[in-house]
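This report refers to the structure that appears directly beneath it.
The values are calculated or read from the model by the stated rules, or taken from the named source; none is laboratory data. This is a predicted model, so every value here is computed, not measured. Positions of Cβ are backbone-derived with ideal geometry, glycine not excepted, and every protein chain shown enters the neighbour counts. We work out accessible area using only protein heavy atoms, side chains counted, and drop any ligands, DNA or RNA first. Shrake-Rupley method; radii C 1.70, N 1.55, O 1.52, S 1.80 Å.
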Amino acid sequence: MAASAPTSLNIRTYQVGFGDCFLLSFIYDDGKKRHVLIDFGTKALPKGTPKGHMLRIAKNIEATVGEDPFAVVATHRHLDHISGFEPNAQGSGTGNIIARMKPTVVVQPWTEQPDLAENAKAPALKRFGKGAAARVAALSDVHEIAAHVVDATRRGQLPREMRDRLSFIGEDNIKNPGAVKNLMTMGQKKPVYVFSGTKSGLDALLPDVKVHVLGPPTVAQSDKIKSYAKTSDQYWNFQARAMRAGTASARSKGRSKVLFPRHVASAGPNYPVEARWLIYHARLAQAEQLLSIVTMLDKFMNNTSVILVFEAGSKKLLFPGDAQLENWLFALDGTNDKYKALLQSVDLYKVGHHGSWNATPKKLWALFKKKKATSGPGRLKTLMSTLEGVFHEDHEVPRGKLVTELKNQSDLVSTNKLPKSDLFKDTLVQL
Amino acid sequence: MRHARGSRHSPVNTQKLTIIAQDPSIRIGGKIVVSEVDVPAEELLAGPRGYRVNVIDFDTATSTLYKPAVLKRARDGQYEDPFALPPKANGKPRKRPKGYDKTLVSDPTFHAQNVYAIVMRTLAQFEFALGRRVPWGSQGHQIHVAPHAFADANAFYSREHRGIFFGYFTGPSNRTIYTCLSHDVVAHEATHAILDGIRSRYLEPSSPDQAAFHEGFADIIALLSIFSLPDLVGQLLDRGTPRGRMISKAHLTTEALKKSVLLGLAEEMGVGLSAGRDSALRRSAKLKPGRPYMSMPEFSEEHDRGELLVAAMMNAFLEIWMSRLKKIGFVAAGKRDRSLVVEEGARAAGHLLTMAIRALDYCPPTDITFADYLSALLTVDREVVPDDKYGYRAALLTHFNNFDIRHARGADKDGTWKQFDGQGLVYARTHFDSMLRDKEEVFRFIWENRKALDIDDRGYVEVQSVRPSIRIGPDGFTLRETVAEYVQIMTLQARELKTAFKITSPPDLPPTMRIRIFGGGALIFDEYGQLKYKIANRIEDARRQTARLKYLWESGALDGDQDEGLRLARLHRARMARPERSE
């Protein structure tokens, strides 16, 4: 039986601190609801948040969805987007709750396709194109590098002032095997792995709603964009191997692998006076290096984000996960007129990457035609899930300039300003 | 009168030290290629620690400080090179002690010696070319060098940390690769530190050319400096084939040389990066000429753009070398005399290396472009060889043009800078002797002559340096010139740029954003203290400033999130991380 058309949409923005969790509830003219959960994760909750906060959110999602049709989108595998899908051994974790809701389908980026690294040439996997296997293998290397960095910060070899920032980004990029496996198996149907231009897998769930997939591009798609510096997928394998030289032994035995054991002058902590200046600066330089690496790999992972535009009734709603510039470039490429037109008429924008400096490219922001200085009907709505003060001030998230622009040019809802007692904020959109 | 070492003779100027000539992966007959190089003689403490370089071997990955290299004083007042091969006996090749190669790789004191010698040698090349002492870009007289600073495939110079840091990493066959053992990597990093001392504003974001210049220039110095080691070049020309006094012409074609070890950078690192890549980390000379590179989007990216400079320079070098070889002819059918081939290569490379370094004095101190650098190179050569009898300028022009690099807009028809028309300049209020060294005096000269020099007086003007440049003139006499550089700085709101300087801001640039603009010039005074060249980027050049602003805005440099202190480290990492370019 054909379903009726949706008349309104409630977007529930959950307070997950530094993370994302959005429940989209499409309300159809027959009164029935259909839901899509986009991400469920946190890296840091606001100070003073009571214990069991994420569990309360999971239960709220469960209660809100009830027996209605329901799907899950996990935009990418960062901790702050999927930690809520982690089950526990007792079956009482947040991930267990979402799994027992039995989503009809789970949508993820193409890079999550299992076995892609091993069987890239298998007929079913060929559609992901040349270079797909290397990209997937690189993701695994990225996890290993992040683990090395977290390990280095824990061993206390790096200057104190850099440790928090390094471990924050590092931990966000370490592997979450429990959540990944849960996402793979929780759906009633086989998971759908999407890339730019493919079907979303949500069409059956959401009648009369067109869901456009703008990203992530495959390797072949992004190779068509020539105007920016790329990072080779092989690099991550190389980098992971390079870092093993200094840390493998340390991780296994708690002691470092010394290159030249017969030539050691001092293993610290009291080094000769004449060497101390260099030692402090070498450590600082190394911490800065590691930060540069984790920033690169964080971006790399962000750029696997699924970018969706929901077109329902007269409205278009953009959910880009944490997509950063390189992911956007394919969608914003001059040849993609269709995408450009879609983006120009967006009514609601989920602010990318918690309001960071390069996840809302100037080119994208310039496209939005509904942004304007005066409030009133038809003005662009923006939703931002973020937490101030968790990144170092040099890389502030959310970025002050962007927040000012969002406030001046759109109706902004930010979890950063939610009262502590609130679990979520609802935004109703008439379609 | 006796000198310090108890001898009536002057102390020697150089000291021989053994280095790995390329890197441990470059072998002949299965043996690592080593070379004894001359470095400036000086008092050395444990480290080695001399008057310009202080090697401290600390590994951050393991928090280990290694013992310093200690060079013992020999009877002749020089230091003993603990890794020197035994001297040649009866013309026979030097015999290596057992386990010699293994020692080179496994003894950190050799690593310390290797970095010390290559950094000092590179510094000496700059000082030789410029005829003056050259400062580091970082504060202080002695730069720190850490040969095993971290477990990472990177090496970089950091102005803020006053040091050059070398990483180590595990290669494909689980062998540890030490970046401090790569001549190219060490010479490249030392060049960054020296270039930063000569032109400190070249590390600032400005244009695709300036972003690429540091990398390209450091590559050029690393590649050309190898040719001053004749034994090594002779061995590497036809590596793997039986060697003798003759060398086959098949090894001496431009294409064969482009593929040779001599024209590739950092072979071991290249192999370490990934299988399937060219063995060298970078082989710019193989770029195909004749494309509109400077306007191609992929070459606006700084690493690739830097390669254009290297490709132009190294192709010019090959042409000059080949043309010199044609003049010496064959000594047997299809064979040339190896030593003559090497000698001609060393001459051509030595001349180009000196030109490449000296050209820096003839470049504007801010916002350098490849076009400026080409004009500077041509001017330097015209000063030394007015009639271009060896064809250096013709070769440079051809090959820079082949890679789409044209000479500067304000230059003469032949691409060289125009000499300054000194009419109207007032010298009476300054003193010749002070003008040779005193920044205040040069500023006074600028102040009195700002109109004649066409220097906008609205902004801040500072004379950054006054340095002598000493060289041998075309007539064989010593020539002393004085090079002064001044910088102009002004900070305005974006909305003021149009009215004040006719600079067009990018449309979406916030109108109240504070924008800092730069100008500046190099003033070259001849041996009589008369201004000979003024090579400047005027601060009010609306076209240049508009292009600069557009680049800064689009590249995100105005967002304030870029940590400039780590720019070179980031640049090197991105260089290694980029995919291999398909030709």
For residues of B:506-513, the mean tally of beta carbons on other chains within 10 Å: 1
Calculated FRET value between A:K420 and A:K190, using beta carbons and R₀ = 51 Å, to 0.05: 0.80
Zero-based 20 Å bins, Cα pair distances in chain B, whole percents: 19, 53, 25, 2
Sites matching chymotrypsin sites (Phe, Trp or Tyr not before Pro) across region B:302-358 that sit in DSSP coil, with at most 13 neighbouring C-beta atoms within 10 Å: B:F330
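Taking only DSSP H segments of four or more residues, each worth -39500 (n - 2.57), what value at 222 nm results for chain B once the sum is divided by all its residues, to the nearest 500 deg cm²/dmol? It would help to have the intermediate numbers written out before the result.
Numbers: 16 runs with 202 residues, N = 583.
The helix-only estimate for chain B comes to -11000 deg cm²/dmol at 222 nm.
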Residue (of A:G19, A:V403, A:M243) at the positive-pole extreme of chain A, dipole from beta-carbon charges: A:M243
Candidate lysines - alpha carbon under 20 Å from B:K249, same-chain residues fewer than 8 apart omitted: B:K258, B:K259, B:K286, B:K326, B:K327, B:K335
Overall dimensions of the protein assembly as shown as given by Cα atoms, namely Rg and Dmax in Å: 31.5, 112
Residue-wise HN-Hα coupling along region A:318-327, computed from phi with Karplus coefficients 6.51, -1.76, 1.60 (Hz; x: Gly, Pro): 9, 10, x, x, 10, 3, 10, 3, 5, 5
Size of electric dipole in region B:276-369: Cβ of Lys, Arg +1 and of Asp, Glu -1, about Cα centre, debye, nearest 20: 640 debye
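For a protection proxy built on the mean count of beta-carbon atoms within 10 angstrom, sort B:481-491, B:43-53, B:188-198 highest first, please.
Packing order, densest peptide first, comes out as B:188-198, B:481-491, B:43-53.
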Within 10 Å of each Cβ in B:167-180, the average number of Cβ atoms from other chains: 3
Long-range amide H partners of A:T382 with built H, under 5 Å: A:Y349, A:D411, A:L412, A:V413
Förster radius 60 Å - calculated FRET efficiency between A:D337 and A:K102, Cβ distance, rounded to 0.05: 0.95
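Relative to the present Cα-Cα distance, how much length would full extension add between B:K259 and B:R516 at 0.36 nm per residue of separation?
Gain on stretching B:K259 to B:R516: 88.1 nm.
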Contour minus Cα-Cα distance for B:Q464 and B:M246 (0.36 nm per residue): 73.3 nm
Centroid-to-centroid separation of region B:493-563 and region A:72-92 [C-alpha atoms, Å]: 50 Å
Extension gain (nm, one decimal) between B:N13 and B:Y51, 0.36 nm per residue minus Cα-Cα: 12.3 nm
In order through region B:71-78: 3J(HN,Hα) via Karplus (6.51 cos²θ - 1.76 cosθ + 1.60), integer Hz, x for Gly, Pro: 9, 7, 6, 8, 5, 7, x, 7
Rounded percent of accessible protein surface that carbon and sulfur make up, region B:432-573, 1.4 Å probe: 51 percent
Relative packing of B:427-439, B:358-370, which averages over residues the other C-beta atoms within 10 Å, highest first: B:358-370, B:427-439
Accessible area of chain B divided out per residue, in Å², using a probe of 1.4 angstrom: 40 Å²
Aspartates and glutamates whose Cα lies under 19 Å from that of A:K102, excluding same-chain neighbours fewer than 8 positions away: A:D39, A:E62, A:E67, A:D68, A:E86, A:D203
Carbon/sulfur fraction of accessible area - region B:12-198, other protein chains in place, 1.4 Å, %: 52 percent
Amide proton proximity set for A:K43, modelled H, under 5 Å, gap of 5+: A:F18, A:G19
Cβ-based charge dipole, region A:1-152, positive-most Cα from A:M54, A:I38, A:S83: A:I38
Area buried, chain A against chain B - accessible surface, total, 1.4 angstrom probe, square angstrom: 4800 Å²
Phi-based couplings in Hz for region B:478-489 (Karplus 6.51, -1.76, 1.60; Gly and Pro marked x): 6, 10, 10, 10, 10, 10, 10, 10, 10, 10, 10, 9
Most positive-pole-ward Cα, B:F83, B:L425, B:H399, against dipole of the protein assembly as shown from beta carbon charges: B:F83
Unit charges on C-beta of K, R, D, E only; dipole of region B:12-198, Debye: 760 debye
By average C-beta atoms within 10 angstrom, highest first, the peptides B:78-88, A:277-287: A:277-287, B:78-88
Calculated FRET efficiency for the pair B:A84/A:A267, C-beta based, R₀ 35 Å, to 0.05: 0.65
Dipole in debye (nearest 20) - chain B, about Cα centre, beta carbon charges: Lys, Arg +1; Asp, Glu -1: 1780 debye
Amide H partners (placed H, <5 Å) of A:I307, local residues excluded: A:L214, A:G215
Average beta-carbon neighbours from other chains, 10 Å sphere, peptide A:267-275: 4
Where labels lie 7 Å past Cα in the beta-carbon direction, separation of B:E343 and A:D223 in nm: 5.1 nm
